[in-house]
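Note sheet for the following structure.
The values are calculated or read from the model by the stated rules, or taken from the named source; none is laboratory data. Small disclaimer: the values here were computed from a predicted structure and weren't measured. All Cβ positions, glycine included, derive from the backbone under ideal geometry; neighbour counts span all protein chains shown.
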Amino acid sequence: MGQLYHLQVGCGDASVIQANSGTFLVDCHRIEEHASKLPANKHLRGVFITHQHSDHYSGLEYLRKRGYKIDYLVYAPYERRRGDASVTIEEWNEFADHRDFFKRQGTELRAPFGQNTFEKAWWTNGDVKFWMLGPAEAVATSSTRELHDACLVFRADLGSRICLFTGDASDTNLQDVARVGNICGDILHASHHGSINGADLDFIKSAKADYTVISTESGVYQNVPHPTALRRYKDHTAKAVRRTDQDGTRVWKF
């Protein structure tokens, strides 16, 4: 028996997967507020940072200061260019500092593109399987790329449950992922806090989600969550759409 938590962390992202094979984080914003969900032995099997924006990686500082061990740090395969407005140089350098610290502690680093074939999972860890659906290398390395084009998009198979994590993936990123087919069918962790950027209609339809979870907080950014995006999720989610700012932390057993 395991548990998946989509944590209430404001307009940011943090999820915890507690499985028999270990504990995994998917983004870690304000993780210190949910330290009770972390293992007492301070050993994390894997931490996925969907992309290098502080509202997704900020908890690395807490994990670093509190002496957590991370076996694998998985993050977006992005190359920032001079003057890149999609991620500040301060964020880029801060994330790199945390990344390099954990590497010195023995953490293995991975910055994957989406799988080219799906004959087997990208990573199988005991009772958990991860399928790396995006970003496509062509999208993430395009001459017009922005950070959200390189955001990790992956599916976690958790025994009886499936969750599709999208971080803040752009429409371009998600449109490519939608072509894979059979990408969810259970829980969709919506992109970009309910923004219209990342609420691609074809992608939402292809997810065929029973449940959609939006990690968000109204009033932080204009039009987040966006009414059109909310309508798309509600129209194409079979059972329920949940918002962390209204419904709190979501817990799923598997």
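Regarding region 41-48, can at least one residue be identified that is of a type outside the set (D, E, K, R) and in contact with a Cys (Cβ under 7 Å, 6 or more places away or on another chain)? Looking through region 41-48, at least one residue is of a type outside the set (D, E, K, R) and in contact with a Cys (Cβ under 7 Å, 6 or more places away or on another chain).
How about region 136-159: which of its residues are among the acidic types (D, E) and either touching a strand residue (DSSP E or B) at 6+ places or on another chain (Cβ under 9 Å) or crowded, with 23+ Cβ neighbours inside 10 Å (or both)? Give the steps one after another, and end with the answer.
First, pick out the residues of region 136-159 that are among the acidic types (D, E): 137, 146, 149, 157.
Selection gives D149, D157.
So, G134, is that one under 26 Å from G181 (Cβ atoms) and at pLDDT 95 or above or not? Step through it out loud before you land on a result.
On the way: under 26 Å from G181 (Cβ atoms): yes; at pLDDT 95 or above: yes.
Taking the combined requirement at face value, the residue satisfies it.
Okay, residues lined up against (1) in contact with a strand residue (DSSP E or B) (Cβ under 9 Å, 6 or more places away or on another chain); (2) surrounded by 19 or more Cβ atoms within 10 Å (Cβ to Cβ); (3) free of Cβ contacts under 8 Å to residues at least 24 places away in the same chain:
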site: S215; (1), (2), (3): yes, yes, no
site: P225; (1), (2), (3): yes, yes, no
site: T228; (1), (2), (3): no, no, no
site: K234; (1), (2), (3): yes, no, yes
site: A238; (1), (2), (3): yes, no, no
site: V241; (1), (2), (3): yes, yes, no
site: D247; (1), (2), (3): yes, no, yes
site: K253; (1), (2), (3): yes, no, no
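Residues that are more than 13 Å from the chain's Cα centre (by Cα), over 23 Å from G106 (Cβ atoms) and free of Cβ contacts under 8 Å to residues at least 24 places away in the same chain occur at least once in region 32-40.
Looking at I204, is it free of Cβ contacts under 8 Å to residues at least 40 places away in the same chain and over 16 Å from D247 (Cα atoms)? Taking the combined requirement at face value, the residue satisfies it. Of the residues examined, E94 is one that is of a type outside the set (A, V, I, L, M), surrounded by fewer than 18 Cβ atoms within 10 Å (Cβ to Cβ) and touching a Ser or Thr at 6+ places or on another chain (Cβ under 8 Å).
The combined condition, being touching a Phe, Trp or Tyr at 6+ places or on another chain (Cβ under 9 Å), among the β-branched types (V, I, T) and touching a residue at least 24 places away in the same chain (Cβ under 8 Å), is fulfilled by T141.
Residues of region 50-81 being charged (D, E, K, R) and outside any helix (DSSP H, G or I), which ones? Quick ask: steps written out before the conclusion?
Our first condition is that a residue be charged (D, E, K, R); within region 50-81, this holds for 55, 61, 64-66, 69, 71, 79-81.
R66, K69, D71, E79, R80, R81 - these are the residues of region 50-81 that are charged (D, E, K, R) and outside any helix (DSSP H, G or I).
Scanning region 17-59 for residues that are surrounded by fewer than 24 Cβ atoms within 10 Å (Cβ to Cβ) and in contact with a His (Cβ under 8 Å, 6 or more places away or on another chain) turns up G22, T23, H29, S54, D55, S58.
What residue, among those in region 171-182 that are of a type outside the set (K, R) and surrounded by fewer than 24 Cβ atoms within 10 Å (Cβ to Cβ), is nearest to T23 (Cα to Cα)?
Within region 171-182, the match that is nearest to T23 (Cα to Cα) is N182.
If you check Y62 against the conditions, is it surrounded by 22 or more Cβ atoms within 10 Å (Cβ to Cβ) and in contact with a helix residue (DSSP H, G or I) (Cβ under 7 Å, 6 or more places away or on another chain)? When the stated conditions are applied, Y62 does not pass them. Residue count for region 1-16 satisfying the condition of being buried (at least 24 other Cβ atoms within 10 Å of the Cβ), part of a loop (DSSP other than H, G, I, E, B) and either on the phi > 0 side of the Ramachandran plot or in contact with a Cys (Cβ under 7 Å, 6 or more places away or on another chain) (or both): 0.
Within the set R66, R81, R110, the sole residue that is over 18 Å from T23 (Cβ atoms) and among the charged types (D, E, K, R) turns out to be R81. A single entry from A156, A111 fulfils the requirement of being touching a residue at least 60 places away in the same chain (Cβ under 8 Å) and under 16 Å from the mean Cα position of the chain (by Cα): A156.
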